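The values are calculated or read from the model by the stated rules, or taken from the named source; none is laboratory data. None of these values were measured; they are calculated from a predicted model. Here the Cβ positions follow ideal geometry from the backbone for every residue, glycine too, while neighbour counts run over all protein chains shown.
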Amino acid sequence: MNKLSSWGSWLHNYDFAYNGRIWFTWDATKLAVTVLAVGDQCLHMKMVDLALNATFYCTVIYAYNTSNVSHYGRQLRVLAKV
């Protein structure tokens with residue numbers, strides 16, 4: 001984790017997944033990131049390109065290799081409402 005801090009800003013989902021399956025890093029001087037939702041299988045963020053003042057949304061998904069598709073589907077439905 002200390003190596004990630006040298007890359008700039010970062011976030012993860014360790015609070016929701018025992019081994020933090022998703023890590024996301026960015027340069028905060030170029031991109032403003034607002035976390036909208038975090039789960040064991042996803043990170044959902046609002047991002048603003050500071051140079052262009054352009055807003056976009058980014059969802060990073062890590063789907064488990066299990067048959068528990070209903071849990072994944074519930075998370076996607078929650079994200080659709082954000």
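When you check D27 against the structure, is it loosely packed, with under 13 Cβ neighbours inside 10 Å and at pLDDT 75 or above, yes or no?
Here the answer is yes, as D27 does meet what is asked.
Mind checking whether some residue in segment 59-72 is modelled with pLDDT under 80 and on the phi > 0 side of the Ramachandran plot?
Scanning segment 59-72, I find no residue that is modelled with pLDDT under 80 and on the phi > 0 side of the Ramachandran plot, so the answer is no.
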